[in-house]
Amino acid sequence: MPGRLLAPLLWRSSLRFMAHHKWQSWLTFTGIALGVTMVVAVDLANSSARRAFSLSLESVTGNVTHQIIGGPKGIDETIYSRLRRELAIRSSAPMVTGRVEIRDQAFRLIGSDPFSEAQLDRHTLKLHQGELSEVLLDPAAVVLSERGASRLELSLNETFSVQIIGREAEVKLVAIFATDNPAATDGLIFADIAVAQRLLQRTGRLDRIDLILDLHDQQRVSAWLPDELKLVESETRNHSLQQISEAFHINLTAMSLLALLVATLLIYNTMTLSVIQRRHMLGIYRTLGVSRREIFSLILSESLVMAVAASAAGLISGLLLGQMLVQLVTRTINDLYFSLHVTAFLIDPWSLLKGFSLGVVMTLLSTLLPAWEANRTEPIAVQQRSVLEEQWRRRLPLLVIVGIGLLLLGMSLVNSDHDSLLEGYMALTMIVLGFCLIVPSLVVGLIRVTLMIISPMQTQVVRMAIRGISAGISRTGLAVAALTVAVSVTVGVGVMIGSLRHTVIVWLEQSLNGDIYIAPASPNNISSVNSLMHELVEVDGIRRVTSNRVLNVESEFGPVRLMAITPNGVELRMPIKSSLQGATELFSTGQGVLISEPLAYHRQLGTGDTLSLHTRKGPRQFPIVGVFYDYTSTHGMVAMQRDLYRHWWGDDSISGLTVYGNDGIATETLRNSIRTVIGSRQAQFLVISNSEIRQNAMGIFDRTFVITDVMRILAVLVAFIGVLSALIALQLERAREFGILRATGMTPGQVRVMIIVQTLLMGLFAGLLAIPLGLLMADVLIEVINRRAFGWSMQQILPPVVLVQAMSLALISAFLAGLYPAQKAATISPATALREE
Amino acid sequence: MVNDEFILLKNLHRTYQEAGLEHAVLKGITLTIGRGETIALLGRSGSGKSTLLNVISGIDKLDQGRVIVNGVDLTVLPERESTLFRRKNIGFVYQFFNLIPTLTAVENIALVLELNGYSPSVVREKSRAMLTAVGLGQEADRFPDRMSGGEQQRVAIARALVHSPGLVLADELTGTLDAETGELILSLLQQLVSDQGGTLLLVTHSLAVAKTADRILTLEDGLLSEQEGSFAW
């Protein structure tokens, strides 16, 4: 008679096993659920931020097909009227945009022409007749969406102040509009173009002109445009804007996948222990005629049930955590990339499906090996524990060989030149797995060393505790490997953040060599800045004043940051990564430009290559004479000699002045002298010291890594839960053995000490082994993941606090994991244990 | 009594590796057992009695020789076929009972029927009846760890016989029980096997137990002899 795929009683037995080992089952469940939580939360936070960004773009782009973008000073507004007049392009609108702050909240000011907007038919300034006249007539009129006004607690006709680059201006809310999609306009504030130009101090200039063009008009406009202006497809431009923050999203995803990898290893560990614990029972099944395939299916089905339930729970907690993470993600994007407001938390079904599937697939994958082990279980009559351990011990050299192979393969991927993040993850996985395979042999070696070290003072209990680890290496090796991986995540991520922080501090020290920096409120006010510069040079205590111009320009790869500097008489102190011979001379004489490391890395550019930039006279190739370290922009920066810039862009504007004081002069004295010179022009200039810039930069850095730290804590929590489960399972499995020791005269106290010593020792080994693995992991994170995501190189350092944290985590986890089994074993009835044996 | 060649063992050889040394446990065992026979297998500890049971049931492999049970050569069967043969034709009773701790008494018995593909109603009916036959009809829903050694062994016997296997293998089934309980258990097993017309192969240390069998075999130095004499163990 053919049997069913799985006898229902086998199922019932498994469920009762899980119920009986509820600690273990709950911890496994929580491990999977937390892994899924992290993946889902990060994915939802990322997709909400991306969606908010594209909605915000959409609301100001609408069905616009093209944009005219301009040079350093933007576009002369007469171009717009000429475009309408000479080419009769009616579907067009002028735009001026800028970042403002209202009541400490970031908003994007959009200045446009309400009449032109009506022809483009998009969200911007969709007003009723009465409101329209107010917007046009009131020189301080602004418009907000219903949600924006309510968030700022503003009512109609209320006057309030906005902050624009250190200045303050009064505006009046003349209209509040409703929209079908509130999230799209939530972070935007609208004004008539003239009002926006005045607020942003860009009178007579436009940032861009939005157009709806067919192919014929596109050709006409292209031919008509002056050289310094460029016609771009709005979709392409929006895409390149979106790409700017993509590396940040990718890095977050990497962190969440790392947590899932840890969770997977721990699930593997727990499932393996669960199989080992049931070896006897599985042996009885085999004797009764349960086939190997049925045992395999049984273990996989158990894991499937657990995976489905835990992944479903992970989805719910992922939704909750995602809502918190989206705030952190938004803050970082605001700090680093662009003004973004995310109020609508997007529940993307694809993210949920992805998280759920990953949870189930990873759990099943991690169960395959234990299920295969279970499938190889011999019938009970031929089982011998000592034989099993002997088989394991014989397998150790093979595991070491395979482990070293995987490690070498992983490291070769790390050193490969491919620009693939996937390869980075694969390298990370191989290194972690490879190291795990070596751990049991390393543990055996460490035990030998420990026995030698403590041999003069060891008591019998301690000796038994130490030998117990070696005797049950099939189980202890797994538990130590799991704890090692968990702790190494702390080391790896800690070293990565510490190294980047250190690198940025060093870089700031090298790059910020001035004492005081002065930023004019309006870069176009050239005469005012020049006159201040000349006045400052005369001041006692000031050695030198230099000026610079920083702006976005169009390159062959989309927008890049351009920094025009005057190295005259000043040694070029930019931290250089690589350069042509005589690069300083070439740069200073305007014969080439320097590009930032991320630009060089992502676009595969190097010294000797050329970079095409869109100048006032159209696209021009600039030779690259060097690559400099830069951590301000992940999409790229170009440094150019000031005269060269002036020649090609015809722009004399100044973005900032750098003041160098005489040696020994106090910053505060210098600042006071500068303030005295500025006198009544305080509102026109922002004065900031070197240390304040550093402080601000590090503040932003630390805020950026708050989210990484949150992820690290969650990853450690996943690991901690998994390890707790593994160690508890391990010690509970030996309950009978402890009962027999009690029966043979060991006191409850001695049993407790033995178990605690054993788990603490395992914790110590895991802590020690986690350091090399953590350093390898840091290497991958720094050299592959971060480099491929951001293009940054870092100086790797090992912060001592990371080592202390790692060792504490390992020992505390082990200690906590030992408490419950120690208590249980100490109180076991020796009679019961003897009877069962 | 004996009416055909139900079990045929031909020149069985089995050697184990222990600490790098070869240890020959079976050195050419040849034996015929008839259907319905009760055989007692005596021998010192480590003489290979359990190994002989394991190779007869197909759960241990031979180095050489053939095991034919009811006309089926187990030594040539693939793993899966061997498992299915065992599931259907063989029942085991062990010294340490080996009940599934997560199943109740009646579920332990029912599991074998389920594995053999019986319908749920037949499984329910047969397992209850078998439990009643071993005198534990009222204890159906108790878990093994709540039962005495004698009760657990009766459940184990019920589990071994519920699917009416042609061959029942019992390894030291009275070893952990007191003399009185042991005797009761033994006679219960023999009675039930005899009622089903099955063949019983008993591994034991006890001459008293052995004497209840149709034939007594002794395993010494890897060789089998059929004799009755004084036993020192």
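Given the conditions (1) open to solvent by 20 Å² or more (accessible area, probe 1.4 Å); (2) among the hydroxyl-bearing types (Ser, Thr, Tyr); (3) assigned by TED's automatic domain parsing to the domain that holds A:Gly767, which single one is not true for A:Thr503?
Here A:Thr503 meets the rest and fails (1).
Pairs needed: first member in region A:201-220, on the phi < 0 side of the Ramachandran plot; second member anywhere, of a type in the set (Lys, Arg); C-beta distance under 8 Å; at least 6 residues apart or different chains.
As it stands, the answer is A:Arg205/A:Lys73, since those pairs meet every condition given.
Going through region A:100-122 one residue at a time, which ones are in a strand (DSSP E or B), surrounded by fewer than 21 Cβ atoms within 10 Å (Cβ to Cβ) and modelled with pLDDT of 80 or more?
Passing the criteria: A:Glu101, A:Ile102, A:Arg108.
Just wondering, is there one or more residues in region B:221-228 that are open to solvent by less than 10 Å² (accessible area, probe 1.4 Å), within 14 Å of another protein chain (Cβ to nearest Cβ), part of a loop (DSSP other than H, G, I, E, B) and farther than 20 Å from A:Met281 by Cα?
No: region B:221-228 contains no residue that is open to solvent by less than 10 Å² (accessible area, probe 1.4 Å), within 14 Å of another protein chain (Cβ to nearest Cβ), part of a loop (DSSP other than H, G, I, E, B) and farther than 20 Å from A:Met281 by Cα.
Output the residues belonging to region B:101-140 that are in contact (Cβ under 8 Å) with a residue 24 or more places away in the chain, more than 9 Å from every other protein chain (Cβ to nearest Cβ) and in contact with a Leu (Cβ under 7 Å, 6 or more places away or on another chain).
Those that are in contact (Cβ under 8 Å) with a residue 24 or more places away in the chain, more than 9 Å from every other protein chain (Cβ to nearest Cβ) and in contact with a Leu (Cβ under 7 Å, 6 or more places away or on another chain): B:Ala105, B:Val106, B:Ile109, B:Lys126, B:Ser127, B:Met130, B:Ala133, B:Val134, B:Ala140.
Looking at region A:670-706, which of its residues are surrounded by fewer than 12 Cβ atoms within 10 Å (Cβ to Cβ) and touching a residue at least 40 places away in the same chain (Cβ under 8 Å)?
Passing the criteria: only A:Ala683.
Can you tell me which residues in region B:75-86 are surrounded by fewer than 23 Cβ atoms within 10 Å (Cβ to Cβ) and either among the polar types (S, T, N, Q) or in contact with a helix residue (DSSP H, G or I) (Cβ under 6 Å, 6 or more places away or on another chain) (or both)?
B:Thr75, B:Ser82
Examine region A:37-50 for a residue that is closer than 23 Å to A:Leu321 by Cβ, at pLDDT 80 or above and among the hydroxyl-bearing types (Ser, Thr, Tyr), and state whether such a residue exists.
Within region A:37-50, one or more residues are closer than 23 Å to A:Leu321 by Cβ, at pLDDT 80 or above and among the hydroxyl-bearing types (Ser, Thr, Tyr).
Being open to solvent by 40 Å² or more (accessible area, probe 1.4 Å) and within 14 Å of another protein chain (Cβ to nearest Cβ), is that true of even one residue in region B:32-46?
Yes, region B:32-46 contains a residue that is open to solvent by 40 Å² or more (accessible area, probe 1.4 Å) and within 14 Å of another protein chain (Cβ to nearest Cβ).
Quickly run through region B:47-73 and pick out the residues that are under 13 Å from B:Leu169 (Cβ atoms) and within 13 Å of chain A (Cβ to nearest Cβ).
Of everything in region B:47-73, those that are under 13 Å from B:Leu169 (Cβ atoms) and within 13 Å of chain A (Cβ to nearest Cβ) turn out to be B:Lys49, B:Ser50, B:Thr51, B:Leu52, B:Leu53, B:Asn54, B:Val55, B:Ile56, B:Ser57, B:Gly58, B:Ile59, B:Asp60.
Just wondering, is there one or more residues in region A:671-685 that are in contact with a strand residue (DSSP E or B) (Cβ under 8 Å, 6 or more places away or on another chain) and assigned to a strand (DSSP E or B)?
Taking every residue of region A:671-685 in turn, at least one turns out to be in contact with a strand residue (DSSP E or B) (Cβ under 8 Å, 6 or more places away or on another chain) and assigned to a strand (DSSP E or B).
Which is closer than 24 Å to A:Met426 by Cβ and in a helix (DSSP H, G or I), of A:Leu265, A:Leu315, A:Leu320, A:Leu328?
Result: A:Leu265 is the single residue among A:Leu265, A:Leu315, A:Leu320, A:Leu328 that is closer than 24 Å to A:Met426 by Cβ and in a helix (DSSP H, G or I).
Out of region A:1-11, which residues are open to solvent by 40 Å² or more (accessible area, probe 1.4 Å), within 7 Å of another protein chain (Cβ to nearest Cβ) and at pLDDT 80 or above?
If the condition is that a residue be open to solvent by 40 Å² or more (accessible area, probe 1.4 Å), within 7 Å of another protein chain (Cβ to nearest Cβ) and at pLDDT 80 or above, then A:Pro8 is the only one that fits.
Return the residues of region B:89-100 that are more than 7 Å from chain A (Cβ to nearest Cβ) and either more than 12 Å from the chain's Cα centre (by Cα) or basic (Lys, Arg) (or both); say none if nothing qualifies.
The answer is B:Phe96, B:Leu99.
Name the residues in region A:26-36 that are open to solvent by 20 Å² or more (accessible area, probe 1.4 Å) and either among the hydroxyl-bearing types (Ser, Thr, Tyr) or modelled with pLDDT under 80 (or both), would you?
Answer for region A:26-36, where residues must be open to solvent by 20 Å² or more (accessible area, probe 1.4 Å) and either among the hydroxyl-bearing types (Ser, Thr, Tyr) or modelled with pLDDT under 80 (or both): A:Leu27, A:Thr30.
Just to be sure before I move on: is A:Gly739 open to solvent by less than 10 Å² (accessible area, probe 1.4 Å), in the same structural domain as A:Phe435 (by TED's automatic domain parsing) and within 17 Å of A:Ala810 (Cβ to Cβ) in the structure I sent?
No: the conditions fail for A:Gly739.
Mind checking whether some residue in region A:140-158 is at pLDDT 80 or above, farther than 30 Å from A:Ala49 by Cβ, open to solvent by 50 Å² or more (accessible area, probe 1.4 Å) and in contact with a helix residue (DSSP H, G or I) (Cβ under 7 Å, 6 or more places away or on another chain)?
For region A:140-158, residues at pLDDT 80 or above, farther than 30 Å from A:Ala49 by Cβ, open to solvent by 50 Å² or more (accessible area, probe 1.4 Å) and in contact with a helix residue (DSSP H, G or I) (Cβ under 7 Å, 6 or more places away or on another chain): absent.
The values are calculated or read from the model by the stated rules, or taken from the named source; none is laboratory data. On a predicted model such as this, the values are computed, not experimentally measured, just so you know. We place every Cβ from the backbone using ideal geometry, glycine too, and count neighbours over all the protein chains shown. The area values use the complete protein model at the heavy-atom level, side chains included, leaving out ligands, DNA and RNA. Shrake-Rupley method; radii C 1.70, N 1.55, O 1.52, S 1.80 Å.
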